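Peer 1: Questions regarding the structure given below will be posed in turn.
The values are calculated or read from the model by the stated rules, or taken from the named source; none is laboratory data. Keep in mind that this is a model prediction, so the values were computed, not measured. All Cβ positions, glycine included, derive from the backbone under ideal geometry; neighbour counts span all protein chains shown. These area figures cover heavy atoms from the full protein model, side chains too; ligands, DNA and RNA do not enter into them. Shrake-Rupley method; radii C 1.70, N 1.55, O 1.52, S 1.80 Å.
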Amino acid sequence: MWLLYARAPPPDAPYWPGRGLLAAVDAVAWPILWVLLFNHAPKPAGIVLPVITAVALLCAIGRLHRALWANHRYRFTTWRWGRVVGALLLVGLVLKVTMPP
């Protein structure tokens, strides 16, 4: 038997001046970082790099559309992953301070 749970859509993001511009930068920056990351792979990558570039371009177009024309639905990727990295850095700092040298 399949059980389906319908979740309520998340509430609209609050609007503030400059949100559209920052959302557009965030939407394009992450796919560019993906391409740059895979560009540093060992050179005999074959077809992987062009495929990653094409997928990143398609993702960037979709994210840019959402950032500019459906801004109330756009969630900042930098904020999401920044919190994760910040938490990991905090755990590392606490471990460094509490561990004897």
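Peer 1: For D12 and H40 in the same chain, what is the full-extension length gain: residue separation times 0.36 nm, less their Cα-Cα distance, in nm?
Peer 2: On the way: separation 28, 0.36 × 28 = 10.08 nm, distance 3.76 nm.
Value of the extension gain: 6.3 nm.
Peer 1: Rounded to the nearest whole Å², what accessible area per residue is found for the chain with the 1.4 Å probe?
Peer 2: Accessible surface, normalised per residue, equals 85 Å².
Peer 1: Determine how large the accessible area of R80 is when every protein chain is in place; take a 1.4 Å probe and give Å² rounded to the nearest 10.
Peer 2: Estimated to the nearest 10 Å², R80 gives 140 Å².
Peer 1: Would you tally the net charge around R63, using a Cβ to Cβ cut-off of less than 15 Å, leaving R63 out, and scoring K and R as +1, D and E as -1?
Peer 2: +4
Peer 1: State the label only: which of [x] 149; [y] 99; [z] 250 corresponds to volume of the Cα convex hull per residue in Å³ computed from the shown model?
Peer 2: [z]
Peer 1: Another question, if that's okay. Please give the peptides 11-18, 26-33, 47-54 ranked by average Cβ packing (other Cβ atoms within 10 Å per residue), highest first, as a rough proxy for protection.
Peer 2: 26-33, 47-54, 11-18
Peer 1: Can you compute the helix-only [θ] at 222 nm over the chain? Use -39500 (n - 2.57) per DSSP H run of at least 4 residues, normalise by all residues, nearest 500 deg cm²/dmol.
Peer 2: Details: 3 runs with 65 residues, N = 101.
Calculated at 222 nm, the ellipticity per residue is -22500 deg cm²/dmol.
Peer 1: Oh, and also: So, taking all protein chains as they sit and a 1.4 Å probe, how much accessible area belongs to L68, in Å² rounded to tens?
Peer 2: 80 Å²
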